[in-house]
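Working notes, beginning with the structure itself.
The values are calculated or read from the model by the stated rules, or taken from the named source; none is laboratory data. Keep in mind that what you see is a predicted model, and the values were worked out from it rather than measured. In this analysis, Cβ positions are derived from the backbone assuming ideal geometry, glycine residues included, and neighbour counts consider all displayed protein chains. Heads up: the accessible areas ignore ligands, DNA and RNA and are worked out on the full protein's heavy atoms, side chains in. Shrake-Rupley method; radii C 1.70, N 1.55, O 1.52, S 1.80 Å.
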Amino acid sequence: MADLDTARSDITRLLRVGSGVDLAKIDTSATPGFDGDKAAGEAALAAGAEEVANLQEQLYAASRLGDPRSVLLVLQAMDTAGKGGIVKHVVGSVDPQGVSIAAFKRPTPEEEAHDFLWRIRKRLPAPGLIGVFDRSHYESVLIHRVRGLSTPEEVEGRYPMIVDFEKELVASGVTVVKVMLHISRDEQKARLGERLERPDKHWKYNPGDVDERAFWDDYMDAYRVAIDRTSTDPAPWYVVPADRKWYARLAVHTLLLDALRSLKLEWPVAEFDVEVEKKRLAAT
């Protein structure tokens, strides 16, 4: 386990990025911090699943006694990069009652009538929960920048708003883990092709994904700018190579496990006399 913990530490360190990140230089098929194969990666993921589940239960138990803390996992990626697989294989090890998942699609008319953070605030995880954002407030500086859904001035003004928002979250007890699943253009094409070849995957295919591929370089630049402007010490960004699904799942699992471990959770001390209650129970 010591070797595995060392690998986890390396993964977290190597995936963290800040200003000046060059996404083009990141090998999307690499496995930073882990030198094992797919079987070893899946075994490492399984080995840590119970600890993640136990830590989340401790987090939830602490919240019942007033602990305000929670964890928010933000997943951003191009389509087919594996967000759904992360939710299933990583977050899926946790008791469903301890997880809050929000998938942000096109804003509704009601949501568009408010500022871009309004709908985000409504879906933040309650104390004791692990929140997962399948896409997030970053859509307002990604697709809005690429597709011109907002003016350049509006997009520029959102970066400092996001930084302030995330600092506010951290100050209130939310541990923020921001992940970009970094898939290559060729791998996305292969995954879209697989969806077309398999009838059981047709429901996942969106013709609009092909249209968006024409803007690939623009999206990569938008991600670069977003990471450059919003990766902070309280809420850093992690870029996870995602061409190998097994590695992406292990990496995000590691980041989530690190976040939970950093809270130094303990089981709440009973607010009643345990021995007295044992005697009372035995007498019934």
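Helix check for the chain. Which DSSP H runs span at least 27 Å along their own axis by Cα, with a mean Kyte-Doolittle hydropathy no less than 0.5?
None clear 27 Å together with a mean of 0.5.
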Subject >> Separation between Cα centres of segment 219-247 and segment 41-112, rounded to whole Å >> reply: 18 Å
**OP:** Would you mind putting 111-120, 183-192 in packing order, based on average other-beta-carbon counts within 10 Å, highest first?
**Re:** 183-192, 111-120
Original post:
Taking every DSSP beta bridge that has both residues in the chain, what percent is antiparallel when rounded to the nearest 5?
Top reply: 10 percent
Original post:
Between ARG13 and ASP273, what length comes free when the chain is fully extended (0.36 nm per residue of separation minus the Cα-Cα distance, one decimal in nm)?
Top reply: 89.2 nm
Original post:
Residues of the chain: accessible area per residue at 1.4 Å, in Å²?
Top reply: 51 Å²
Original post:
So, with a 1.4 angstrom probe, what is the percent of accessible area on segment 143-235 that is carbon and sulfur?
Top reply: 51 percent
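Evaluate E = 1/(1 + (r/R0)^6) for GLU156 and ARG280, where r is the Cβ-Cβ distance and R0 equals 45 Å; express this FRET efficiency to the nearest 0.05. Don't skip to the answer; put the middle values down first.
Numbers: r = 65 Å, r/R0 = 1.43.
Here the calculated transfer efficiency is 0.10.
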Original post:
How many nm is it between the label spots at ASP3 and ALA113, if each spot is 7 Å from the Cα in line with the beta carbon?
Top reply: 6.0 nm
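State the three equivalent ellipsoid semi-axes of segment 78-152, derived from the C-alpha gyration tensor as the square roots of 5 times its eigenvalues, in descending order and whole Å.
Semi-axis lengths for segment 78-152 are 26, 16, 8 Å.
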**OP:** May I ask you to work out the translational diffusion coefficient for segment 121-258 at 25 °C, viscosity 0.890 mPa s, via Stokes-Einstein with Rh from the Kirkwood sum over Cα pairs, reported in whole µm²/s?
**Re:** 146 µm²/s
Subject >> With all protein chains modelled, accessible area of LYS245 [1.4 Å, Å²] >> reply: 90 Å²
**OP:** Could you tell me what fraction of 2.2 N^0.38 Å the Cα radius of gyration of the chain comes to, as a two-decimal ratio?
**Re:** 1.09
Subject >> Net length gained if the chain between LYS105 and ASP211 were fully extended (0.36 nm per residue, minus Cα distance) >> reply: 36.4 nm
**OP:** At 7 Å along the Cα-to-beta-carbon direction for both LEU196 and LYS88, put a label point, then send me their distance in nm to one decimal.
**Re:** 2.2 nm
**OP:** Sort VAL179, VAL274, VAL99 from largest to smallest accessible area, using a 1.4 Å probe on the heavy atoms of the protein chains.
**Re:** VAL274, VAL99, VAL179
Original post:
Please report, for the Cα atoms of segment 25-139, the Rg to one decimal and the Dmax as a whole number; what are they, in angstrom?
Top reply: 16.6, 49
Original post:
Can you list the aspartates and glutamates whose alpha carbon sits under 18 Å from that of LYS25, skipping same-chain ones fewer than 8 residues off?
Top reply: ASP186, GLU187, ASP217, ASP218, ASP221, ASP228, ASP243
Original post:
Given the Cα-Cα distance of LYS264 and MET220 and 0.36 nm per residue of separation, how much length would full extension add, in nm?
Top reply: 12.2 nm
**OP:** Kindly flag which residue pairs out of LYS38/LYS178; LYS105/LYS204; LYS38/LYS201; LYS83/LYS178 have an alpha-carbon separation exceeding 18 Å in this structure.
**Re:** LYS38/LYS178; LYS38/LYS201
Original post:
Along the charge dipole of segment 183-284, Cβ charges K/R +1 and D/E -1, which of VAL252, ALA214, ALA282 sits furthest on the positive end?
Top reply: ALA282
Subject >> Electrostatic dipole magnitude of segment 161-284 [Cβ: Lys, Arg +1; Asp, Glu -1; Cα centre; debye, to 20] >> reply: 500 debye
**OP:** With an 8 Å cut-off on Cα pairs and a minimum separation of 6 or more residues, tell me the relative contact order of segment 29-142 in percent.
**Re:** 38 percent
**OP:** At 1.4 Å probe size, with no ligands or nucleic acids counted, give the accessible surface of GLU168 in Å², nearest ten.
**Re:** 90 Å²
Subject >> Estimated distance in nm for a label pair at ARG123 and ARG64, the labels positioned 7 Å out from Cα along Cα-to-Cβ >> reply: 2.9 nm
Subject >> Highest-MSF residue in the chain out of HIS144, HIS182, HIS202 [GNM, Cα springs under 10 Å] >> reply: HIS202
